[in-house]
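Notes for the one structure printed next.
The values are calculated or read from the model by the stated rules, or taken from the named source; none is laboratory data. Note that the structure is a prediction, hence the values are computed from the model and not measured. Cβ placement follows ideal geometry from the backbone for every residue including glycine, while neighbour counts extend to all protein chains displayed.
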Amino acid sequence: MSRVTFDTSKPVSRSIPLKASGEVIVPLIDSMYSDKQADSYEIPFLGTWVKAPIYVNVLNKGTIPNLPNGIAIETHVKVDGKGIHPIPKNAIPNQIYKCVMLPRIMRVEWALEANLKGGGNPLVKWLTMDIRTKA
């Protein structure tokens, strides 16, 4: 490796072939720059290449109908020269929404209120409801 590293007579890429990293950012930027529509990219897996959907964090704008607009969601998207386009999803099942998502949304809102407004009451509310609080 040191021989390749210190050999200034040729680029390192001649000794060590270039290969895709499997990071989603490369095909995402390529799709936007080249205006090529994509909703998946290839990643190495057990010696072969498999297609993986492109997931990014976006603000919900009706993509998941029963989640509030404006909250950050990680979702499957299509990408092209015009940008990132979330693929619409079905509503989250009611029981999961009420038991999992709604408490998370409330904890985030309380945490934001505690940090932005200060004061003890929002902080106590947030810590009391946060399952990670031990006491």
Kindly evaluate ILE96 against the criterion of being part of a helix (DSSP H, G or I), among the aliphatic types (A, V, I, L, M) and closer than 25 Å to GLU109 by Cα. yes
Region 92-135, subset charged (D, E, K, R) and either modelled with pLDDT under 80 or touching a Leu at 6+ places or on another chain (Cβ under 7 Å) (or both), residue surrounded by the fewest Cβ atoms within 10 Å (Cβ to Cβ): LYS134
1 or more residues over 30 Å from PRO93 (Cβ atoms) and in contact with a Pro (Cβ under 9 Å, 6 or more places away or on another chain): qualifying helices (runs of 4 or more DSSP H) within region 1-66: none
